[in-house]
Amino acid sequence: MSELGVESISLGILASHGGTNLQAIIDACETGSIDAHVAVVVSNNSKSYSLQRARSSGIPAFHLSSQTHSKKKDLDLAIAGILKKYKVDLIILAGYMKRIGPIVLKAFHNRVINSHPALLPKYGGKGMYGDRVHEAVVKDKSEESGITIHLVDEEYDNGAIINQKIVAVDPFGGVDSVRDEIQRHEHIFWIETLNKIQKKEIDLDKLGV
């Protein structure tokens, strides 16, 4: 891995479904909004639109899952191998719905980051993702939610917080309203945060352990 903040960042993106955050990052790289490029995309879902988005942009894209590797360790090794092959500096989980294995976490220490659609530690932990998070916000009638970009470790939503954005929401508008408002800010917030990481305004090596 190159030292972040010194040169353009090589990104490896893991995604499971539609890949709207992936597309926002691809677009930002292509327009020069961030000094980075997407080197490779990996999905656990062979039918993921994320794979199509990547290939349409000429980015190498791979399906790696329990279907391709029945043993967890073998899958972990395969993912780490692909990320190393494409000389990835920073791994982004863009709607990736699987736990990251210990081999990848060790090989890319403090270089695996994820976004959560709430202000952690609120509404985090195992099973809290996507609409489940927004449902909890609505149930609590909270008028404030947000986005947390954080380091990934062995526990769900447990890694050190990198950046957070507070978003005003209308819980009485239901889950769709809360989700749409969060997603409206999420793409821009990813780009803002990646810019700060690239410029070393956020130093990942000073976060976590």
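Could you tell me whether any residue of the stretch 172-186 is crowded, with 20+ Cβ neighbours inside 10 Å and without any contact (Cβ under 8 Å) to a residue 40 or more places away in the chain? Checked against the condition, which is being crowded, with 20+ Cβ neighbours inside 10 Å and without any contact (Cβ under 8 Å) to a residue 40 or more places away in the chain, the stretch 172-186 yields no hits at all. When you scan the stretch 81-103, do you find a residue that is touching a helix residue (DSSP H, G or I) at 6+ places or on another chain (Cβ under 6 Å) and in a helix (DSSP H, G or I), even just one? Yes: the stretch 81-103 contains one or more residues that are touching a helix residue (DSSP H, G or I) at 6+ places or on another chain (Cβ under 6 Å) and in a helix (DSSP H, G or I). Within the stretch 39-80, the residues that satisfy the criterion of being among the polar types (S, T, N, Q), surrounded by fewer than 21 Cβ atoms within 10 Å (Cβ to Cβ) and assigned to a helix (DSSP H, G or I) are Q52, S56. Select from the stretch 1-38 the residues that are surrounded by 18 or more Cβ atoms within 10 Å (Cβ to Cβ), part of a helix (DSSP H, G or I) and not small (G, A, S) and write down the one among them that is modelled with the lowest pLDDT. Here the answer is N21. For I92, state whether it is at pLDDT 95 or above, within 24 Å of Y49 (Cβ to Cβ), in contact with a Leu (Cβ under 9 Å, 6 or more places away or on another chain) and not acidic (D, E). When the stated conditions are applied, I92 passes them. Does S33 satisfy the condition of being of a type in the set (S, T, Y), over 23 Å from I197 (Cα atoms) and out of contact with any Leu (no Cβ under 7 Å at 6 or more places or on another chain)? No; evaluated as a whole, the condition is false for this residue.
The values are calculated or read from the model by the stated rules, or taken from the named source; none is laboratory data. Here the structure is a predicted model, which is why all the values come from computation and not from measurement. Please note: Cβ atoms are built from the backbone with ideal geometry, for glycine as well, and neighbour counts cover all protein chains shown.
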